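The values are calculated or read from the model by the stated rules, or taken from the named source; none is laboratory data. Everything quoted here is computed from the prediction, not taken from an experiment. Virtual Cβ from ideal backbone geometry, glycine too; neighbours counted across all protein chains shown.
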Amino acid sequence: MSPISRFIHVRILPLLFILGGVITLYLGIHDIYLANTSTEWPQVEGVIQSSVVQENERQVRFHKRVTYSPQVFYQFTVAEQSRIGKKISFAKLGQGYPYAQDVVSRYPKGKVVKVYYRADNPDLNVLEPGLKGHQLWFISLVGLILLMGGIASAVWLNKAQKHDSNIFRMVF
């Protein structure tokens with residue numbers, strides 16, 4: 001293995017895993033924090049402006065994958081300024097049509113709803129505050145696994161490089 005290839009495997013790849021883990025872990029913890037604190041945010045009345053099921057198509061290898069997501073827009077006023085919100089929950093919403101239709105049916109156009117907003121940033125708002133589902137924990141868990149895997153591989157590869165350079169012929 002060339003010195004450049006060895007450097008990439010021993011230093012760069014573990015660093016990328018560590019960096020990806022830190023970013024993912026931060027995003028997961030941040031969303032959990034927002035979800036937890038959102039139950040204490042001020043609330044105002046809002047009105048649903050539109051509520052539809054959006055079909056999302058993407059190509060996966062040789063076939064199309066279709067997912068569905070609820071698109072709900074609501075209008076509310078804070079400090080005499082009208083605002084439009086679209087966040088239903090901090091949890092990632094399901095991708096199946098029955099789930100999206102259920103959410104849309106709970107928020108029909110014209111319905112008066114409670115809108116929870118962050119006092120220092122009313123553009124951060126949500127209809128369903130708090131933790132819902134396991135998706136937020138899952139993101140943090142993925143971040144933790146990436147972080148720990150990056151650290152473990154950095155330590156192992158560094159020790160392996162110092163003790164026996166032949167180990168790289170077996171691994172790579």
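A compact table of results
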{"quantity": "Every residue from region 94-117 that is under 11 Å from Val53 (Cβ atoms) and surrounded by 15 or more Cβ atoms within 10 Å (Cβ to Cβ)", "calculated": "Tyr99, Ala100, Val103, Val104"}
{"quantity": "Residues located in region 59-116, provided they are within 25 Å of His30 (Cβ to Cβ), in a strand (DSSP E or B) and in contact with a helix residue (DSSP H, G or I) (Cβ under 6 Å, 6 or more places away or on another chain)", "calculated": "Ser69, Pro70, Tyr116"}
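A quick yes/no check of all residues on (1) at pLDDT 90 or above; (2) surrounded by 15 or more Cβ atoms within 10 Å (Cβ to Cβ); (3) outside any strand (DSSP E or B):
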| position | (1), (2), (3) |
| --- | --- |
| Trp41 | yes, yes, yes |
| Gly46 | yes, yes, no |
| Ser51 | yes, yes, no |
| Glu57 | no, no, no |
